[in-house]
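Structure first, commentary second.
The values are calculated or read from the model by the stated rules, or taken from the named source; none is laboratory data. Nothing here was measured: the structure is a model prediction, and the numbers come from that model. Please note: Cβ atoms are built from the backbone with ideal geometry, for glycine as well, and neighbour counts cover all protein chains shown. Note: accessible area is taken over every heavy atom of the protein model, side chains too, but ligands, DNA and RNA are not part of it. Shrake-Rupley method; radii C 1.70, N 1.55, O 1.52, S 1.80 Å.
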Amino acid sequence: MTALTLFAGWWQVDGPPTPSSPGPFPLPLAEMTFKLVDHEGQSVGPQSLVGRPTMVFFGFTYCPDVCPTTLSDITSWLDALGEVAAQLNVIFITVDPARDTVEVLSQYIKYFHAQIRGWTGSAAEISRAARDFRVSYEKVSRDGDAYTMNHTASVFLFDAGGRYISNIDYHESREFAVPKILRAIDTQSDAS
């Protein structure tokens with residue numbers, strides 16, 4: 001009887017009828033399907049990234065602290081990498097497409113490393129990108145019509161083949177972040 005109870009429990013929780021969980025990690029870039037535009041108005045998507053190691057961060061331009069701090073950290077990491085940094089795609093995807101237009105992103109990213117590209121799009125496409133990357137975000141109302149955005153604050157690293165390598169957590173020190181980036185770059189030869 002115990003075996004039957006255990007089997008029934010397994011069947012309900014982990015058995016074939018259970019829909020598969022999306023998992024905690026981003027999909028490989030080649031399996032993502034969203035379509036956005038960059039800060040120059042060019043069509044982009046995950047296929048634009050495959051072939052080079054990639055760093056992706058989700059945020060928004062009206063963010064008071066996490067986003068500018070993370071983009072400043074990314075700038076510092078890229079500076080620390082020197083010429084090696086040129087091998088990377090570095091992407092900032094907005095979670096606030098209503099305010100973060102192509103023009104707004106174009107102005108905003110000028111304050112950070114020149115290699116950082118800003119991506120935006122429709123609310124539906126941003127939602128699709130967030131699902132693919134396993135990013136959560138939500139609009140939080142403030143006084144009147146004002147609002148802010150809560151969102152995942154990790155930087156995602158992928159190798160040149162588009163496989164997820166690691167996260168860099170918010171406020172992770174450069175001594176830990178840069179080796180993770182180098183690992184994504186070094187995996188490039190394995191992905192070719």
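See the values below:
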read-out: Signed unit charges on C-beta, dipole axis of the chain, positive-most listed residue 46, 60, 155; value: 46
read-out: Cβ charges +1 (Lys, Arg) and -1 (Asp, Glu), total dipole of the range 55-150, debye; value: 220
read-out: Under 5 Å, built H, 5+ apart or other chain: amide partners of residue 89; value: 54, 55
read-out: Accessible area per residue in Å² at 1.4 Å probe, computed on the chain; value: 53
read-out: Charge dipole (debye, nearest 20) of the range 108-192; +1 at Cβ of Lys and Arg, -1 at Cβ of Asp and Glu; value: 120
read-out: DSSP beta bridges in the chain [antiparallel fraction, %, rounded to 5]; value: 65
read-out: Area accessible to solvent at residue 182, 1.4 Å probe radius, in Å²; value: 60
read-out: Cut-off 12 Å between beta-carbons: net charge of the residues surrounding residue 44, Lys and Arg +1, Asp and Glu -1; value: -1
read-out: Rounded tilt (10° steps) of 66-81 against the dominant C-alpha axis of the chain; value: 80
read-out: The chain: angle of helix 174-186 to the longest principal axis, Cα-based, in degrees nearest 10; value: 80
read-out: Structure-derived volume of the Cα convex hull per residue in Å³: which label, when the choices are (1) 177; (2) 168; (3) 118; value: (2)
read-out: Amide hydrogen neighbours beyond the local backbone of residue 118, cut-off 5 Å, H modeled; value: 39, 92
read-out: Protein accessible area in the chain, 1.4 Å probe - carbon and sulfur %; value: 54
read-out: Folded to 0 to 90 degrees: helix 123-133 orientation relative to the chain principal axis, Cα; value: 70
